[in-house]
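Read the structure below first, then the notes.
The values are calculated or read from the model by the stated rules, or taken from the named source; none is laboratory data. These numbers come from a predicted model, not from an experiment. We place every Cβ from the backbone using ideal geometry, glycine too, and count neighbours over all the protein chains shown.
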Amino acid sequence: MIQGGRAQVRTVLYMAMMSAMQCNPVFKATYARLLAAGKPKKVAIIACVRKMVVTLNSMLRDGAMWDENTAKN
């Protein structure tokens with residue numbers, strides 16, 4: 001269960017990931033890999049949200065643009 005923190009931010013991140021899993025090949029592959037490993041769907045979505053936040057933070061830190069090849073790591 002996800003609890004605590006800012007509910008509005010959680011909702012925005014969740015909805016952003018729902019869209020990204022359909023359109024972005026990196027997140028789509030990550031989600032599919034987690035489901036294949038037997039993870040529940042909501043757990044897989046939240047794991048992808050965390051991956052997105054970490055990727056976005058590193059992009060901001062480095063001043064980099066989105067690069068599918070480096071995001072796969």
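Checking the conditions here, which among 8, 3, 22 is part of a helix (DSSP H, G or I) and modelled with pLDDT under 90? Going through 8, 3, 22 in turn, just one is part of a helix (DSSP H, G or I) and modelled with pLDDT under 90: 8. Answer yes or no as to whether residue 17 is of a type in the set (A, V, I, L, M, F, W, C) and not in a helix (DSSP H, G or I). In short, no.
Once the stretch 1-28 is narrowed to residues that are among the hydrophobic types (A, V, I, L, M, F, W, C) and touching a residue at least 40 places away in the same chain (Cβ under 8 Å), the residue that is surrounded by the fewest Cβ atoms within 10 Å (Cβ to Cβ) is 2.
When we screen 41, 28 for residues that are over 20 Å from residue 68 (Cα atoms) and at pLDDT 90 or above, the only hit is 41.
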